[in-house]
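One structure is given here, and the rest of the page talks about it.
The values are calculated or read from the model by the stated rules, or taken from the named source; none is laboratory data. Keep in mind it's a predicted model, so treat the numbers as computed, not measured. Cβ atoms come from the backbone with ideal geometry, glycine included; neighbour counts cover every protein chain shown. The protein model used for the area step is the full one, side chains on, heavy atoms only, and it has no ligands, DNA or RNA in it. Shrake-Rupley method; radii C 1.70, N 1.55, O 1.52, S 1.80 Å.
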Amino acid sequence: AQSVSQHNHHVILSEAASLELGCNYSYGGTVNLFWYVQYPGQHLQLLLKYFSGDPLVKGIKGFEAEFIKSKFSFNLRKPSVQWSDTAEYFCAVNSMDSNYQLIWGAGTKLIIKP
Amino acid sequence: EAGVAQSPRYKIIEKRQSVAFWCNPISGHATLYWYQQILGQGPKLLIQFQNNGVVDDSQLPKDRFSAERLKGVDSTLKIQPAKLEDSAVYLCASSGQGSGYGYTFGSGTRLTVV
């Protein structure tokens with residue numbers, strides 16, 4: 001069965017620090033990869049997605065993620081975080097074999113200290 | 001385009017009472033999902049509809065949960081009777097036909113069972 005691992009459950013950074021959140025998945029076939037963000041009290045929003053092509057994907061709000069097929073990874077990065085990036089971040093994958101159901105990681109709570 | 005609409009936003013009920021949630025997906029989206037998100041966890045799929053047919057309800061606790069999507073548009077999710085452990089956010093999401101393109105989520109209904 002497919003699964004998604006997010007290595008850090010909680011991350012605390014100061015403003016302007018660089019961010020990298022890890023995401024690994026277990027599935028040998030073709031996958032679509034997603035990062036969602038959930039700001040406090042708000043609904044899940046899509047940050048970025050990868051289907052094919054350039055493995056470096058740019059998303060909203062200065063986020064990017066790199067798909068490394070050999071490592072089954074899709075890590076999220078941002079060079080300089082802001083206080084407003086405080087949120088929970090979820091990595092998810094789907095595939096035709098999963099009937100395009102999203103398989104979710106457990107999430108990473110990011111707290112940015114002003 | 002209008003987003004996924006859900007109501008109510010909040011609901012507090014006593015255990016053993018019943019409750020219903022409503023979802024109106026994005027116009028033209030064939031696939032509709034109901035998720036349960038318990039605090040600190042990733043979303044858990046309860047049921048997936050394709051038009052008005054059920055694609056997957058393997059994780060729906062059918063002794064107390066039911067869902068329908070009449071006419072392939074709006075959907076309702078019902079819990080009867082509610083238990084304390086049903087306290088969660090109930091998310092509705094929709095996606096286009098045969099899509100691996102991720103979903104659009106509604107704002108969710110926060111259910112508290114006391």
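Values as computed for the structure displayed
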item: Qualifying residue in the range B:3-15 (condition: more than 15 Å from the chain's Cα centre (by Cα) and on the phi > 0 side of the Ramachandran plot); result: no
item: Residue match in the range A:28-36 (condition: open to solvent by 10 Å² or more (accessible area, probe 1.4 Å), over 21 Å from residue B:93 (Cβ atoms) and touching a residue at least 60 places away in the same chain (Cβ under 8 Å)); result: yes
item: Unmet criterion (only one of (1) out of contact with any Ser or Thr (no Cβ under 8 Å at 6 or more places or on another chain); (2) open to solvent by 60 Å² or more (accessible area, probe 1.4 Å)) for residue A:18; result: (1)
item: Per-region count, the range A:44-79, residues open to solvent by less than 60 Å² (accessible area, probe 1.4 Å) and part of a loop (DSSP other than H, G, I, E, B); result: 6
item: Enumeration of residues in the range B:18-32 that are surrounded by 21 or more Cβ atoms within 10 Å (Cβ to Cβ) and either closer than 18 Å to residue B:64 by Cα or polar (S, T, N, Q) (or both); result: B:21, B:31
item: Considering residues of the range A:86-106 that are more than 7 Å from chain B (Cβ to nearest Cβ) and part of a strand (DSSP E or B) only, the residue farthest from residue A:47 (Cα to Cα); result: A:103
item: Residue that is nearest to the chain's Cα centre (by Cα), among those in the range B:16-56 that are polar (S, T, N, Q) and under 20 Å from residue A:36 (Cα atoms); result: B:36
item: Failed item in (1) within 10 Å of chain B (Cβ to nearest Cβ); (2) surrounded by 14 or more Cβ atoms within 10 Å (Cβ to Cβ); (3) polar (S, T, N, Q); (4) over 15 Å from residue A:87 (Cα atoms), with residue A:2 passing the rest; result: (1)
item: Number of the exception - residue A:42 against (1) within 13 Å of the chain's Cα centre (by Cα); (2) at pLDDT below 90; result: (1)
item: Residue check for residue B:114: open to solvent by 20 Å² or more (accessible area, probe 1.4 Å), away from chain A (no Cβ under 12 Å) and among the β-branched types (Val, Ile, Thr); result: yes
item: Looking only at the range A:88-99, and only at residues there that are touching a residue at least 12 places away in the same chain (Cβ under 8 Å) and open to solvent by 10 Å² or more (accessible area, probe 1.4 Å), the one that is nearest to residue B:43 (Cα to Cα); result: A:88
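Here's the yes/no breakdown for (1) of a type in the set (Gly, Ala, Ser); (2) open to solvent by 30 Å² or more (accessible area, probe 1.4 Å); (3) closer than 20 Å to residue B:11 by Cβ; (4) out of contact with any Leu (no Cβ under 9 Å at 6 or more places or on another chain):
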{"residue": "B:58", "(1), (2), (3), (4)": "yes, yes, no, no"}
{"residue": "B:69", "(1), (2), (3), (4)": "no, no, no, no"}
{"residue": "B:72", "(1), (2), (3), (4)": "yes, no, no, no"}
{"residue": "B:75", "(1), (2), (3), (4)": "yes, no, yes, no"}
{"residue": "B:83", "(1), (2), (3), (4)": "no, yes, yes, yes"}
{"residue": "B:88", "(1), (2), (3), (4)": "yes, no, yes, no"}
{"residue": "B:92", "(1), (2), (3), (4)": "no, no, yes, no"}
{"residue": "B:95", "(1), (2), (3), (4)": "yes, no, no, no"}
{"residue": "B:106", "(1), (2), (3), (4)": "yes, no, yes, no"}
